[in-house]
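The values are calculated or read from the model by the stated rules, or taken from the named source; none is laboratory data. On a predicted model such as this, the values are computed, not experimentally measured, just so you know. Virtual Cβ from ideal backbone geometry, glycine too; neighbours counted across all protein chains shown. Please note that ligands, DNA and RNA were not included when accessible areas were found on the heavy atoms of the full protein model with its side chains. Shrake-Rupley method; radii C 1.70, N 1.55, O 1.52, S 1.80 Å.
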Amino acid sequence: MIDILIDDPQWQEVPLADLAERAMAETLRHLGVPPDPVSVSLLACDDARIAELNGAFRDKPGPTNVLSWPTEDLAAEVAGKSPLMPTPDFHGSMALGDVAIAYETCAREAREFGKSLDDHVTHLLVHGILHLFGYDHIRDPDATLMQGLETEILGKLGLDDPYRS
């Protein structure tokens, strides 16, 4: 389901595999997608590596918390509407894409937001997985839809709404 590459040893202090499996399972359940054919690759890196990726793929210098590269462009054409659902390949598999998450940025944000690192990482994993499904937050109606889904999914995981202080 989730193939994890730990590129920064700081991630060893986080139960990343468990957090990723929970985030993925609840996101799929919430979206009504069966988990069996779905796969995602996760890179657990540091700020330097994610800054390279952010610059190379988004022309944005500097680190960010999470990046996603969906296999398919599923984005809705109409703002605020749900994206298309991914289609399985001829083997019945659905490789959704890749997610990268940066330790230092996540740890700093968790401290700033007064959240546990595990809770913040779970939120960012849900956020990244939703991006793989074509959800985005560039247009305001899309952001409202995506944030609502994140809040609902995290609530099912017993976590607080990340958009309320």
Residues of region 34-77 that turn out to be of a type outside the set (S, T, N, Q) and buried (at least 17 other Cβ atoms within 10 Å of the Cβ), as a count: 20
Search result, residues across region 92-109 that are β-branched (Val, Ile, Thr) and not in a strand (DSSP E or B): 105
Search result, residues across region 82-91 that are surrounded by 12 or more Cβ atoms within 10 Å (Cβ to Cβ) and not aliphatic (A, V, I, L, M): 82, 83, 86, 88
Scope region 9-33; condition open to solvent by less than 30 Å² (accessible area, probe 1.4 Å), closer than 13 Å to residue 121 by Cβ and either of a type in the set (Val, Ile, Thr) or not in a helix (DSSP H, G or I) (or both); matching residues: 14
Residue ID - surrounded by the fewest Cβ atoms within 10 Å (Cβ to Cβ), chosen from residues in region 132-149 that are assigned to a loop (DSSP other than H, G, I, E, B) and of a type in the set (A, V, I, L, M, F, W, C): 138
Positions within region 92-131 being open to solvent by 30 Å² or more (accessible area, probe 1.4 Å) and without any contact (Cβ under 8 Å) to a residue 12 or more places away in the chain, in sequence order: 108, 111, 112, 114, 116
Close pairs (6 angstrom Cβ cut-off, 6 or more residues apart or separate chains): surrounded by 13 or more Cβ atoms within 10 Å (Cβ to Cβ) in region 150-165, of a type in the set (A, V, I, L, M, F, W, C) anywhere: 150/126; 153/126
Given (1) farther than 27 Å from residue 158 by Cβ; (2) among the charged types (D, E, K, R); (3) under 16 Å from the mean Cα position of the chain (by Cα), number of the condition residue 119 does not satisfy: (1)
In region 49-84, the residues that are touching a strand residue (DSSP E or B) at 6+ places or on another chain (Cβ under 9 Å) and either in a loop (DSSP other than H, G, I, E, B) or among the small types (Gly, Ala, Ser) (or both): 51, 63, 64, 65, 68, 71, 72
